[in-house]
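Notes to accompany the following structure.
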Amino acid sequence: MDFGPYLLLASLEGLVTAAVLSLTALGLSLVFGVMRIVNVAHGEFFMLGAVLAWAIATPIAGNPALGFALAMVCSPLVVGAMALLSERLVLRRLKYEPEATIVATIGMLYIIQQLALTFYGPDARAVQAPFDWRIQFPWFGYSGYKLSVVGASITLMLLTWLVLARTRIGLMLRATQYDGETAQAFGIPIDRVYCGVFAVGAMLAAVAAVLIVPIQQAHYLMGLDPLLLSFIVVIIGGLGSLKGTVVAAVVIGMSDGIISVFFSPTLAKILATLLVAMVLVYRPQGLFGKAVR
Amino acid sequence: MLSVHDIDCFYDDVQVLRGFALELREGEVLCLLGRNGAGKTTALKAIMGLVRVKAGKILLGDTELSALPPHEVPKRGIAYVPQGRRLFAELSVADNLEIGLMTRGKGRPVRDTVLELFPVLHARLNQRAGTLSGGEQQMLAMARALCLEPDVLLLDEPTEGLMPSMIARVRETIAELRRRGVSTILVEQRVDAVLPVADRVAFIENGRNRETVPVEALRTDLDLLHRYVGVGV
C-alpha cells in the first residue's frame, strides 16, 4: 500500500481511539472538575462496562444488534448505579477529602477488578458488532462499525456540551464546580450534584467500553490502559475542560494511531508521556484549564 | 422574625461562636459590629447552614433553620451576599442572576425588577462576572441575592474595597430594601458607612453578642464603639 492510503488507514484507527478515549476521559474530567476527586477506579468502571456488555449481549440469540442495543442501555445503567452506591457509601463518608478519596478509589479499583475476575473469569471475550458493513475506499475497505463509534462519540460529546452549556442542570453543575459553598447558599444541593456527576462519569466510561468491546475484547484487566490514557488526556487538556478533553483526546488518539502504525505503539506511549511532562512543566493547568486562583 | 438562640459553632476544634444570640425584627437593618475574628461572618454562615450549629437553634418564624440542609435555607427566603462577593467569576452576569432566580423558582419579571435597582448590570448581561469592576461585582452580588425575592438579607462587608461613590450606592440600596420591607443583617468594618442606614447595632466579641442597642444610643454613648470595635464615630 502507498504512503497516502496507509496514512489514511492509520488516521482512521487513530480517530476510533480518540473517540473512545474522549468519552472515557470526559468522565474522569467531569468528576475531577466538579468534585475535585481523582478517581483511580475510573478504568474499572470502563472494564465493568465491557464485561457487562458481554454478559448482557451474549445470551441474546438472533440479530447481534439486539444484544448490543440492550448492552448499550443496561451496562451504563448498572455501572452508574454501582458508582452511585460507591459515592454514597465511600466518598461521601470521607467528605470528598482529596487524599482520602485517592486511597479509597484505589481500594475500589481492586474490589471491582477482583469481583470481575471471580464472576467473569480471566478470559478475554468479544461481543459481536451490531452490524458488519464495510465502507469501500479506493485503496481498502474499512469497518462501518468503527466509523459509527466515531459518530456515536461525537454525538455524545455534543449532547454533554449542550447539557453543560444550555440547561439549568448544567448551570448548577458549573456553579458547584466553581464554588460549592456559594452554590449551596443559592439552593443547589451539592451532595446530589456530586452523586449525579460521579454516576454520569462512570456511565460515560461504560458507554465507551460498550462501543469498543466489539473491536477489543472484554477482559478483567482492560481498565488500566484507558485510565492511564485518560489521565494523560485530562492533564494535557486541563481538568474539567470539555474542549480541552476533546482536543487532547484527538491529539493523543491520532498520534497513537499514526505512530503505532508507522513506528511502534511503545514510541506512541513515550511521546504521549513526554507531552504530559512538558505540559506539567510549562502549563500545569493544562492547555485549556484555568489556573487555580 | 429571625432568631438565633444561644448557638455554638466550631471550625474543626476551634470554637468560634459561644452561646451566640440574636433577634432580627421585621423590616429592620441590624448591623453586626466587632473586631476581626469576633465571629460576625461565622454567625451569617451559621444562619445559612454553611457552618454546622453544634448547640442552640436558629428559627425563622416557626421553622428551625439549623435543622435544615444548607441548600434548603435560601428556599425559605434568606439570601446571602458573602464577603468578597464570591461571584461565579467564569459565568456571565446573566447566568449569575439565573442562579439566584432558580433558588426559589423566580422568573424573568423578578430579574427585570432587580435590574431596575442596578441599571449598570443591564448592559453587561453577557459579560463574564469576573471581568466587572469591583463596584459592579458588588452590585451583581447583591442583585443575585435579590433575585430570590428574600424576606431576610445577610450582607457580609458589602463596602469592602469600594470607592466612596460605590459605598454610597450600596447604602442607598440597603435603605431602599428596608423601604420594601426586607429585613437585613449587615456585617461591616466601616462603621461610618453603615450607621446611617442601621436601626440597631449588635456588638460581637469573642463569639458572643455582648450588647444590642438602637443606633441612636451610639450618639449618646460614644464609649460603646471604642469598647467593642476600637474606633470612634
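If only one of A:135, A:169 is among the β-branched types (Val, Ile, Thr), surrounded by fewer than 17 Cβ atoms within 10 Å (Cβ to Cβ) and within 12 Å of chain B (Cβ to nearest Cβ), which one is it?
Values: A:135 fails: within 12 Å of chain B (Cβ to nearest Cβ).
The unique qualifying residue is A:169.
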If I go through the stretch B:10-26 residue by residue, how many of them are assigned to a loop (DSSP other than H, G, I, E, B) and without any contact (Cβ under 8 Å) to a residue 40 or more places away in the chain? 2
Criterion (touching a residue at least 24 places away in the same chain (Cβ under 8 Å) and over 24 Å from residue A:177 (Cβ atoms)) met by exactly one of A:279, A:261, A:246: A:261
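Does residue B:45 satisfy the condition of being within 14 Å of chain A (Cβ to nearest Cβ) and buried (at least 22 other Cβ atoms within 10 Å of the Cβ)?
On the way: within 14 Å of chain A (Cβ to nearest Cβ): yes; buried (at least 22 other Cβ atoms within 10 Å of the Cβ): yes.
In short, yes.
With respect to residue A:61, is the statement that it is out of contact with any strand residue (DSSP E or B) (no Cβ under 8 Å at 6 or more places or on another chain), farther than 28 Å from residue A:189 by Cβ and not in a helix (DSSP H, G or I) true? Spell out how you get there, then give the answer.
Details: out of contact with any strand residue (DSSP E or B) (no Cβ under 8 Å at 6 or more places or on another chain): yes; farther than 28 Å from residue A:189 by Cβ: yes; not in a helix (DSSP H, G or I): yes.
Yes; evaluated as a whole, the condition is true for this residue.
Residues checked against (1) buried (at least 16 other Cβ atoms within 10 Å of the Cβ); (2) within 14 Å of chain A (Cβ to nearest Cβ):
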residue: B:19; (1), (2): no, no
residue: B:28; (1), (2): yes, no
residue: B:49; (1), (2): yes, yes
residue: B:53; (1), (2): yes, no
residue: B:62; (1), (2): no, no
residue: B:70; (1), (2): yes, yes
residue: B:73; (1), (2): yes, yes
residue: B:88; (1), (2): yes, yes
Among (1) in a helix (DSSP H, G or I); (2) buried (at least 20 other Cβ atoms within 10 Å of the Cβ), which single condition is residue A:11 missing? (2)
Under the condition of being small (Gly, Ala, Ser) and closer than 24 Å to residue B:225 by Cα, which residue from the stretch B:4-48 is nearest to the chain's Cα centre (by Cα)? B:43
Check off (1) without any contact (Cβ under 8 Å) to a residue 40 or more places away in the chain; (2) assigned to a loop (DSSP other than H, G, I, E, B); (3) under 19 Å from the mean Cα position of the chain (by Cα) for residue A:162 and give me the number that stays unchecked. (2)
In this structure, does residue A:227 turn out to be surrounded by 14 or more Cβ atoms within 10 Å (Cβ to Cβ), closer than 25 Å to residue A:161 by Cβ and either at pLDDT below 90 or in contact with a strand residue (DSSP E or B) (Cβ under 8 Å, 6 or more places away or on another chain) (or both)? no
Those residues that are surrounded by 11 or more Cβ atoms within 10 Å (Cβ to Cβ) and in contact with a helix residue (DSSP H, G or I) (Cβ under 9 Å, 6 or more places away or on another chain), I need them from the stretch A:118-132; list them, please. A:120, A:125, A:126, A:127, A:128, A:129, A:130, A:131, A:132
Going through the stretch B:90-135 in order, the residues found to be among the β-branched types (Val, Ile, Thr), more than 9 Å from every other protein chain (Cβ to nearest Cβ) and in contact (Cβ under 8 Å) with a residue 24 or more places away in the chain are B:93, B:110, B:114
Which of the residues that make up the stretch A:193-222 are under 16 Å from the mean Cα position of the chain (by Cα), β-branched (Val, Ile, Thr) and in a helix (DSSP H, G or I)? A:197, A:200, A:207, A:210, A:212
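Return the residues of the stretch A:100-114 that are within 21 Å of residue A:176 (Cβ to Cβ) and either touching a residue at least 40 places away in the same chain (Cβ under 8 Å) or charged (D, E, K, R) (or both); say none if nothing qualifies. Walk me through how you get there before you give the answer.
In the first step, residues of the stretch A:100-114 are kept if they are within 21 Å of residue A:176 (Cβ to Cβ); the result is A:100-102, A:104-105.
Selection gives A:101, A:102, A:105.
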Residue in the stretch A:230-239 that is modelled with pLDDT of 90 or more, farther than 22 Å from residue A:98 by Cβ and either surrounded by fewer than 22 Cβ atoms within 10 Å (Cβ to Cβ) or among the aliphatic types (A, V, I, L, M) (or both) present: no
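Would you check which residues across the stretch A:93-105 are assigned to a helix (DSSP H, G or I) and either in contact with a Cys (Cβ under 8 Å, 6 or more places away or on another chain) or surrounded by 13 or more Cβ atoms within 10 Å (Cβ to Cβ) (or both) and list them? Walk me through it before giving the result.
Initial filter on the stretch A:93-105 (assigned to a helix (DSSP H, G or I)): A:98-105.
Within the stretch A:93-105, A:100, A:101, A:102, A:104, A:105 qualify.
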Checked the stretch B:153-210 for anything under 22 Å from residue A:185 (Cβ atoms), assigned to a loop (DSSP other than H, G, I, E, B) and aliphatic (A, V, I, L, M); matches are B:162, B:182
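Consider the stretch A:175-188. How many of its residues are outside any helix (DSSP H, G or I) and in contact with a Pro (Cβ under 7 Å, 6 or more places away or on another chain)?
Adding up the residues that qualify gives 2.
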Only one of these is within 13 Å of the chain's Cα centre (by Cα), away from every other protein chain (no Cβ under 14 Å) and assigned to a helix (DSSP H, G or I): A:228, A:274, A:280. Name it. A:228
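The values are calculated or read from the model by the stated rules, or taken from the named source; none is laboratory data. The structure displayed is predicted, hence computed values, not measured ones. Cβ atoms come from the backbone with ideal geometry, glycine included; neighbour counts cover every protein chain shown.
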